[in-house]
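Report on one structure; see the data block that follows.
The values are calculated or read from the model by the stated rules, or taken from the named source; none is laboratory data. As the structure is a prediction and not an experimental result, all values here were calculated from the model. Cβ: placed from backbone, ideal geometry, glycine included. Neighbour counts: every protein chain shown.
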Amino acid sequence: MISQRSVERILDAARIEEVVGDFVNLRKRGANLLGLCPFHTEKTPSFTVSPAKNLFKCFGCGRGGDAIKFLREHEGFSYPETLKFLAAKYQIEIEETEEQRKDDPEEMLKDQLFVVNQYARDYFSKQLFDSEEGRGLGLSYFKERGFRESILKKFDLGFAPTSGSGLTVQAVHDGFRAEILQQAGLCTTGNRDFFRERVMFTIHGLSGKPVAFAGRILGKTAKGPKYINSPETPIYHKSNVLYGLYFARQAIRKEDNCYLVEGYTDVLSLVQSGIENVVASSGTALTPEQIRLIKRFTPNMTILFDGDAAGLNAAMRGLDLVLEQDMNVRVVVLPDGHDPDSYLSALGPEQFLHFLETERKDFILFKTSQLLAQSKNDPVARTKVIKEVVQSIARVPDPIKRGEYTKICAQVLQVEEPLLIAEINKVVATDIQKDRRDKERVERQDATSQNSSGPPLPIQDRKKSVHPPQELDIVRILLTGGHKIIQVGEEQLPVAQYILNELDREVIQEFKSPLLQTIMLECLDLIERQLPVTSDHFLKHEEEEIQHLAIQFHSPDYHYSENWEDRYHIVLHTQRMPEDNFARDAQMALQRFQLHKLDQLCEMNAQRIKEAYEAADEQQYLHYLKFQQELQTLRNAVADQDLNTVILK
């Protein structure tokens, strides 16, 4: 187990903007950083990173937390795996104790799959470079293709030997269970190697860990598919992975463009020639998840197509998905008979890069001209072309960009622009109605599951519908500034102690919200043990519900605009910023809470007055009536004391 000292060093070193920035393209926005959320689909960025608070928060899906939480949710790491990842990133040596940890079975399985994949990667690499068969078959194949050893080692390429169970036998001998090898897709139920007599391509996740493998068959007479891939596992979902993205991230960000190719060797060739912002779809149709992966680093994509006409038309039909994600898509068509690897070899790096830059064309305009050329002035075929182009333009979310495409395509197609606009609007309206129906269906399903035995409402919904605002406000102050020192008369006290001096255990146990009551009692327990009530305590709380609420409080939905000072030169001189004015905030929160309790007492007593009147109990009636007058006097005094609240009844 990782020692507490090492944990503290790792947590101190981890900067949220650096950790998240490895996976999400972040742009400066005031004191914070903004990007597209990696946890849900969005077109307008709502994912915020606060370097000052060392937190991330998405205002779209509600997820938030620190660097540890981000990596655990994004990469599926266990807590120890996350710590080891951060330790490697910040070059921190880990001290481990002998204490054994109790893990969730799913997390333990993921850990084991990562470890066995790393073992297999090293095994395949050793076979390629050190075995006679690997050098004779695998290494010679790569060298014939022109790949240097440095690129083979960078991308963790290897060789799977001809023997039917070499990897399995060696792995079991070294302590791995055959069941884990089977779950990783490395061996069959008969304990034979899944990959045999193939050159091996390691598929990396965004964190750089090997999540799967692809094997290319060798020999022209060999039987079987040209490429086979690992099956899907808890750490590998093919639709969520792009080959080479781990190595290409920084280059994509720097160049603000991502080249998309089809094959593994295409990626290797381009990277070896200095074009590093390239990824491969691994021979499959692009998925929305893969498109969103690219969009985290750039909105610009250039797709390299082979010159085959039939394949080109099939590929173009699937690219409307890219437009839906508001990507700027360009295409480059290579000469017939060439793929990126072969054409790069024919031209050389410099000329090939010049070819890419001069030949790339906007996808919609390219599609329009291609289809139009194929229609050969046939009216029926032209009508079909116009409908296809309309479908593509309608997928563009940005109305301004959509309008520009409409104007240009109307000229190319020789169609009146209003007619094209009308057809596009029909498609857009149909899509909007479909989205609305889908959303309503999902909401009905969610409502049904909530009314049965489904999971509880998200924190953000419960905060609005369950937590009384007066209770919530007190908890907010405790979780964001409980450790702050304020002046109370002649004494200096922590905010938490000041508040809890005014609210005893009996009052707290009357809180309407069970969650807020739990937090208040925990704060009281900390104070009684003379421990500080810190933000960190709740931001890293073991109860996810409490942790989530703390994150919500540290990531308010609204921020003060910098324009007050930058543009209008209006600066607060007489007091602190509201979020730092804990003394005033705590005092007002307690008064609002007190007023709320008095309101409740007034309502309860009014009911007693009504019951005494209906029972003709004059003594009780007069007693409650007098008590009501005292309550109203006290309530009015509290309302008038700094709160400036008007009592209407």
Check region 323-330 and report whether any residue there is outside the structural domain of LEU36 (by TED's automatic domain parsing), at pLDDT below 90, hydrophobic (A, V, I, L, M, F, W, C) and under 20 Å from the mean Cα position of the chain (by Cα).
yes
Among the listed residues PHE124, PHE155, identify the single one that is under 26 Å from the mean Cα position of the chain (by Cα), surrounded by 14 or more Cβ atoms within 10 Å (Cβ to Cβ), closer than 21 Å to PHE213 by Cα and at pLDDT 95 or above.
PHE155
Tally time: how many residues in region 362-402 are in a helix (DSSP H, G or I) and either out of contact with any helix residue (DSSP H, G or I) (no Cβ under 8 Å at 6 or more places or on another chain) or not small (Gly, Ala, Ser) (or both)?
28
Starting from region 142-160, keep only residues that are under 15 Å from VAL267 (Cβ atoms), then list their pairs with residues that are hydroxyl-bearing (Ser, Thr, Tyr) and surrounded by fewer than 17 Cβ atoms within 10 Å (Cβ to Cβ) whose Cβ atoms are within a distance under 8 Å, requiring at least 6 positions of separation or different chains.
GLY146/SER345
Would you check if there is a residue in region 174-189 being loosely packed, with under 15 Cβ neighbours inside 10 Å, in contact with a Gly (Cβ under 9 Å, 6 or more places away or on another chain) and without any contact (Cβ under 8 Å) to a residue 40 or more places away in the chain?
no
Take the residues in region 405-424 that are part of a helix (DSSP H, G or I) and without any contact (Cβ under 8 Å) to a residue 12 or more places away in the chain; name whichever of them is surrounded by the most Cβ atoms within 10 Å (Cβ to Cβ).
ALA410
Residues within region 217-244 that are surrounded by 19 or more Cβ atoms within 10 Å (Cβ to Cβ) and either in contact with a helix residue (DSSP H, G or I) (Cβ under 7 Å, 6 or more places away or on another chain) or assigned to a strand (DSSP E or B) (or both), tallied:
6
So which of GLU350, GLU289 is among the acidic types (Asp, Glu), part of a helix (DSSP H, G or I), at pLDDT 85 or above and closer than 25 Å to SER392 by Cβ?
GLU289
When you scan region 33-53, how many residues do you find that are at pLDDT below 85 and over 21 Å from GLU289 (Cα atoms)?
2
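A quick yes/no check of all residues on (1) basic (Lys, Arg); (2) assigned to a loop (DSSP other than H, G, I, E, B); (3) modelled with pLDDT of 90 or more:
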site: TYR246; (1), (2), (3): no, no, yes
site: LYS254; (1), (2), (3): yes, no, no
site: SER269; (1), (2), (3): no, no, yes
site: ALA315; (1), (2), (3): no, no, no
site: ASP341; (1), (2), (3): no, no, no
Kindly establish whether SER375 is without any contact (Cβ under 8 Å) to a residue 40 or more places away in the chain and either touching an Asp or Glu at 6+ places or on another chain (Cβ under 7 Å) or of a type in the set (Ser, Thr, Tyr) (or both).
yes
